[in-house]
Amino acid sequence: MKRPAGVTVIAILVLVSSVIGIFAGLRGLGVPLPSVGRLGLTPGTPMFLMVFVPSATVLVLSLIELVLAVGLLLLKSWAWTGAITVAAIRIFTDLLFFLTGGFGLVGQGIMLGIYAGAGGALINLIIIIYLLRGSVKEAFGK
């Protein structure tokens, strides 16, 4: 079956998002490592946990998204399941981002965190709704 155009668009968006997330996650983890010491991020401190845990989570989800983007382009059924699962997780984290105004870590103000969280949740909801359409499910053999 021919790949639906919407799946191609989603795969490209997921691919771009994953690359950005990988760089953001690595940067948050202190790559290059000497910057970790300059930031005063001593393992076991609250600030270390506030930066390390979210950065590690972003990195792991972004690596998963990279694999999913390729799977979506190849119409693999596991990619369909994975994309819906990751989009649901992202809705949850985006809503947390929205409710906390970006956890106060955005640096550009609370309103940016609120808009980014709401926008991200909406985009991921649209992705889930699209992937659940009959013709799209059929393209993935579901």
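Just so you know, all these numbers are worked out from the coordinates, no wet-lab data involved. Since the model is a prediction, treat every value here as computed from it, not as a measurement. Using ideal geometry, Cβ is built from the backbone for each residue, glycine included, and neighbour counts are taken over all protein chains shown.
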### Message
Give me the net charge for the shell around Ala79: Cβ to Cβ below 13 angstrom, other residues only, Lys and Arg +1, Asp and Glu -1.
### Response
+3
#### Entry: Estimated distance in nm for a label pair at Val67 and Tyr130, the labels positioned 7 Å out from Cα along Cα-to-Cβ
2.3 nm
